[in-house]
Amino acid sequence: TYINPFDLELVEGEQPLAMKVDAIMSMVEMMAKNLSPMQKTLVDRCVSRIYDRYFATHDQRDIPTLIDFYNMLNQQPEPEGRMLAVTIERYVTGQASLFNHPTNVNTHKRFVVYDIRDCADNMKGLALLILLDQTWNRIVRNRERHVRTWVFIDEMQLLFENDYAISYFDQLWTRSRNFGANPTGITQTIERIINNEKSRLMLANSEFLVMLNQSATDRAELAKLLNISDNQLGYVTNVPAGCGLIRCAGNIVPFTNSFPRNTKLYKLMSTNPSEKRE
């Protein structure tokens, strides 16, 4: 099962390479851990060039893959290009070459789930970024069909590993509404979001937030960011499952949602290992 990170939707009136360059830049930086200014320039140049044939033919078979990008890096006259190619080689021909293939699954289904549970831990952030970019392709495609897209991103904190990934995610988060999409992020690790200025703004500018039980440090930061009173903080302090705060359009409302455990729905939805065994 393969997903090609270089898949790209061509839409009239849009500049398709704008977000794609950002996505590939983020991907390569995750692979290489760090990029020099020269290498960033080379990534930009190579991404633009490997799409020339696809832009000319509009044939899906001409969409480039990671090995085309790797080969283009090696063809650059600057030594930094060949150095970067060597750095990402294990993602091209080595054990981590999961994303060096054309997409071979149907991403046009009405309901699509990308599961990265069995992905190696050191690949999960990269995988989530690539799948998020794949989701952006779907958002663009659905807008042309006048279809609304609902996007749910679990473990969203994995996207906050480097500045490029945050910037790309911020673009998607901000632009989705204009493309008829509703993105929802889910995380149990709010620290990474709170500790970065750009992701803090994403959180503060989100229209709808649900906050469950929070640690002391997270409560203090959320209170400052979202203007939560001490009384309201009591609803996210040492509370049982199903209790918390909802923030919608600037209003903060406490809630208690105790779901009956003796129901079929609860048994379907519960992820508690001991309850599963029972």
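Counting the residues of the stretch 193-212 that are closer than 19 Å to Ala165 by Cα and outside any helix (DSSP H, G or I) gives 4.
Every condition in (1) closer than 21 Å to Glu191 by Cα; (2) surrounded by 11 or more Cβ atoms within 10 Å (Cβ to Cβ) is met by Tyr266 except one, and the failing one is (1). Here Ile24 fulfils each of the conditions (1) surrounded by 14 or more Cβ atoms within 10 Å (Cβ to Cβ); (2) farther than 20 Å from Lys124 by Cβ apart from (2).
For the stretch 116-130, enumerate the residues that are part of a helix (DSSP H, G or I) and either within 11 Å of the chain's Cα centre (by Cα) or of a type outside the set (S, T, N, Q) (or both). Scanning the stretch 116-130 gives Asp121, Met123, Lys124, Gly125, Leu126, Ala127, Leu128, Leu129, Ile130. Contact map, the stretch 101-130: first residue within 27 Å of His146 (Cα to Cα) and of a type in the set (Gly, Ala, Ser), second residue at pLDDT below 90 and open to solvent by less than 50 Å² (accessible area, probe 1.4 Å), Cβ cut-off under 8 Å, separation 6 or more or different chains; the map is empty. In the condition set (1) modelled with pLDDT under 95; (2) farther than 15 Å from Phe6 by Cα; (3) open to solvent by 70 Å² or more (accessible area, probe 1.4 Å), Gln75 is compliant with all but (1).
Please determine, by comparing only the residues of the stretch 62-115 that are basic (Lys, Arg) and assigned to a helix (DSSP H, G or I), which one is nearest to Cys46 (Cα to Cα).
Residues of the stretch 62-115 basic (Lys, Arg): 82, 90, 109-110.
Still in the running and assigned to a helix (DSSP H, G or I): 82, 90.
Working: Arg82: 12, Arg90: 19 Å.
For the stretch 62-115, the residue satisfying everything is Arg82.
In this structure, is Tyr168 open to solvent by 10 Å² or more (accessible area, probe 1.4 Å), modelled with pLDDT under 85 and over 16 Å from Ile116 (Cβ atoms)? Please lay out each step first, then the result.
Numbers: open to solvent by 10 Å² or more (accessible area, probe 1.4 Å): no; modelled with pLDDT under 85: yes; over 16 Å from Ile116 (Cβ atoms): yes.
Against the criterion (open to solvent by 10 Å² or more (accessible area, probe 1.4 Å), modelled with pLDDT under 85 and over 16 Å from Ile116 (Cβ atoms)), Tyr168 does not qualify.
Looking only at residues of the stretch 87-122 that are aromatic (Phe, Trp, Tyr) and open to solvent by 40 Å² or more (accessible area, probe 1.4 Å), we find that the one that is farthest from Asp62 (Cα to Cα) is Phe111.
Here Asn142 passes the criteria (1) open to solvent by less than 10 Å² (accessible area, probe 1.4 Å); (2) under 19 Å from Met27 (Cα atoms); (3) in a helix (DSSP H, G or I) except the one numbered (2).
Working only within the stretch 17-34, note down all residues that are over 22 Å from Val92 (Cβ atoms) and free of Cβ contacts under 8 Å to residues at least 12 places away in the same chain. Before the answer, list the steps.
Initial filter on the stretch 17-34 (over 22 Å from Val92 (Cβ atoms)): 18-19.
Answer for the stretch 17-34, where residues must be over 22 Å from Val92 (Cβ atoms) and free of Cβ contacts under 8 Å to residues at least 12 places away in the same chain: just Ala18.
Of all residues in the stretch 171-190 being under 16 Å from Leu128 (Cβ atoms) and hydrophobic (A, V, I, L, M, F, W, C), which is most open to solvent (accessible area, probe 1.4 Å)? Per the stated criteria, the residue is Ile186. Taken together, Val151, Val147 contain a single residue that is open to solvent by 20 Å² or more (accessible area, probe 1.4 Å), at pLDDT 90 or above and not basic (Lys, Arg), which is Val147.
The values are calculated or read from the model by the stated rules, or taken from the named source; none is laboratory data. Bear in mind that the values here come from a model prediction, so they are computed numbers and not experimental data. As a convention, Cβ positions derive from the backbone with ideal geometry for all residues, glycine included, and neighbour counts pool all protein chains shown. SASA here: full protein model, heavy atoms, side chains in, ligands and nucleic acids out. Shrake-Rupley method; radii C 1.70, N 1.55, O 1.52, S 1.80 Å.
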